[in-house]
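Notes to accompany the following structure.
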Amino acid sequence: MAKKSLVEYFEYKQKDFDNKELKDYEVFKNKRLLDELRSKIIQNIIDNKVPTDKLLSKYINDEIDASIQGYDLNSLERRHIFNLIENEIHGYGPITELLEDKNVTEIMVNGIDQIYIEIDGRIIKDESVSFINDDHIIRTIQRMVQPYGRTIDTSSPMVDARLKDGSRLNAVIPPLSLKGPVLTIRKFKENIDDIEDLIRMGTLTPYMARFLEASVKAKLNILVCGGTGAGKTSLLNVMSSFIDHNERIITIEDAAELKLRQEHVISLETRTVNYEGEGEVTIRDLVINSLRMRPDRIIVGEVRGKEAFDMLQAMNTGHEGSMTTMHANSAEDALDRLETMILMAGIDIPVKAIRGYIEHAIDIVVNISRLSDGKRKVTGISEVVGFKDDKIVLKDIFAFNQTGVTSNREVIGEFILYNRVPDVYKKIVDRGINDIDDIFE
């Protein structure tokens, strides 16, 4: 967690204060002193009046001394003020330590003193962090996105970017946001290194893991679906580790989050419009171009528009083993969304033909969900088996069945392996993969 605020540092000492100290305490409690000091430092940063690193420590201490005359601070309290100011200069202001905290998986800034964080799937308000004003939030956002060629201002009031560690940043400012600037950062979870981590976390079972590994190695086309924050990209990242190191892989994303370990990987990233409103490169543009780059595998971070048709074309024209993710609450919803995306692309194809296209392209649909207790589970692995009444038919191979919730709100349930041999098992065996025979005995 972030360091406590001055209010919290002084809280435990309040009963021992005399009248003068109580007056001093109120000054700190109202944050006037600290906010004035931070504002001065921030303005000096803007005006390029902050000295070099060699003199930085002395500069900060001198500013603190000038601002807190008459206040008796111990070393811990002084260090806290020093850290806050240093974070304004070297870091990302008040949220610097939240970004460094590995337990925090999401940071949501809704206002100057409305900062929420996600820990273990639960969202809580962090009372120890605050900004000075809306301009302070906007300046922090600008500092975060500028190194990646992005900007945010009234003419471009919305920005998406990925930070150096892979975390995803989204910011919206007025006039699009009616209540001031809003910043959301989904942090990259470093501790999910392989499928064993997901098994230990209870996200899936060893049988499910082995089946997914066999499906990837057998070059089945796989669609991963789930809601926001369910862990789709993390799961796709883990599954991609099963791809042979001799294959040429092309990844396509809005913000590069996939961390493939193979050597022969080409990573492509979209580009937004420039100041003249030109230069945009979309997911669809990159998918079309990737077909000319001799890929063995195409991995699209997320399909959500016209690129869906091009992705299916790739899957249907020899680019087996392609994978992608999609926002959807179930496997059925995912296929319905695919159909809708193709129709929205304005391509003049009958609905029945589109469904046939999808049925031939997709082999496996993996659904991952974030449950009410914040834990993530692979709630279903299904296969596309054909048509019935002009509808694509899905059959479950694995599923998670929730049976209840404990008194402390933890979800109770069990993973299910359906008593049938899936149709895709033949495709897996035909590729010479025979190490999952025991699963479907």
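The values are calculated or read from the model by the stated rules, or taken from the named source; none is laboratory data. Given the structure is predicted, the values throughout are model-derived calculations rather than measurements. Neighbour counts run over all protein chains shown; Cβ positions are idealised from the backbone, glycine included.
Take the residues in the range 185-240 that are assigned to a loop (DSSP other than H, G, I, E, B) and basic (Lys, Arg), then tell me which one is farthest from the chain's Cα centre (by Cα).
As a first pass, look at the range 185-240 and keep what is assigned to a loop (DSSP other than H, G, I, E, B): 187-194, 201-205, 218-221, 227-231.
Adding the requirement that they be basic (Lys, Arg) leaves 187, 189, 219.
On the way: 187: 6, 189: 9, 219: 26 Å.
Checking each candidate, the answer is 219.
Put simply, of 410, 414, 441, 383 the only residue that is of a type outside the set (Val, Ile, Thr) and under 18 Å from residue 198 (Cβ atoms) is 414. Right, residue 268: under 25 Å from residue 161 (Cβ atoms), in a loop (DSSP other than H, G, I, E, B) and assigned by TED's automatic domain parsing to the domain that holds residue 419 or not? It is false that residue 268 is under 25 Å from residue 161 (Cβ atoms), in a loop (DSSP other than H, G, I, E, B) and assigned by TED's automatic domain parsing to the domain that holds residue 419. Among the residues here, residue 373 does not qualify as surrounded by fewer than 22 Cβ atoms within 10 Å (Cβ to Cβ), of a type in the set (Asp, Glu) and over 28 Å from residue 258 (Cβ atoms). In the range 282-295, the residues that are not assigned by TED's automatic domain parsing to the domain that holds residue 318 form no Cβ pair under 8 Å with any partner that is among the β-branched types (Val, Ile, Thr), whether six or more places apart or across chains.
If you take the residues of the range 154-176 that are in a loop (DSSP other than H, G, I, E, B), surrounded by fewer than 19 Cβ atoms within 10 Å (Cβ to Cβ) and touching a Lys or Arg at 6+ places or on another chain (Cβ under 8 Å), which of them is modelled with the highest pLDDT? Only one residue tops the list, namely 165.
Exactly one residue among 389, 435, 423 is in contact (Cβ under 8 Å) with a residue 60 or more places away in the chain and surrounded by fewer than 15 Cβ atoms within 10 Å (Cβ to Cβ), and that residue is 435. State yes or no: is residue 230 at pLDDT below 85, of a type in the set (A, V, I, L, M) and surrounded by 14 or more Cβ atoms within 10 Å (Cβ to Cβ)? Spelling it out, it is not the case that residue 230 is at pLDDT below 85, of a type in the set (A, V, I, L, M) and surrounded by 14 or more Cβ atoms within 10 Å (Cβ to Cβ).
Among the residues of the range 376-386, those that are crowded, with 16+ Cβ neighbours inside 10 Å and either more than 16 Å from residue 209 (Cβ to Cβ) or in contact (Cβ under 8 Å) with a residue 40 or more places away in the chain (or both) comprise 376, 377, 378, 380, 381, 382, 383, 384.
Within the range 106-153, the set of residues being among the small types (Gly, Ala, Ser) and modelled with pLDDT of 90 or more comprises just one member, 111. Select from the range 119-136 the residues that are surrounded by 15 or more Cβ atoms within 10 Å (Cβ to Cβ), touching a residue at least 40 places away in the same chain (Cβ under 8 Å) and over 14 Å from residue 171 (Cα atoms) and write down the one among them that is farthest from the chain's Cα centre (by Cα). Ranking the candidates gives 132 first.
Being of a type in the set (A, V, I, L, M, F, W, C), surrounded by fewer than 19 Cβ atoms within 10 Å (Cβ to Cβ), closer than 30 Å to residue 398 by Cα and out of contact with any Leu (no Cβ under 7 Å at 6 or more places or on another chain) narrows it down to one of 199, 243, 266, 222, so name that one.
199
Residue 221 passes every criterion in (1) in contact with a His (Cβ under 9 Å, 6 or more places away or on another chain); (2) within 20 Å of residue 261 (Cβ to Cβ); (3) not hydrophobic (A, V, I, L, M, F, W, C) apart from (2). Would you say residue 399 is small (Gly, Ala, Ser), closer than 20 Å to residue 305 by Cβ and surrounded by 17 or more Cβ atoms within 10 Å (Cβ to Cβ)? Spelling it out, it is not the case that residue 399 is small (Gly, Ala, Ser), closer than 20 Å to residue 305 by Cβ and surrounded by 17 or more Cβ atoms within 10 Å (Cβ to Cβ). Restricting attention to the range 153-175, the residues being closer than 28 Å to residue 268 by Cβ, more than 13 Å from the chain's Cα centre (by Cα) and among the hydrophobic types (A, V, I, L, M, F, W, C) number 4. The residues of the range 204-218 that are more than 25 Å from residue 318 (Cβ to Cβ) and either in contact (Cβ under 8 Å) with a residue 12 or more places away in the chain or in contact with a His (Cβ under 8 Å, 6 or more places away or on another chain) (or both), listed by number, are 204, 205, 207, 208, 209, 210.
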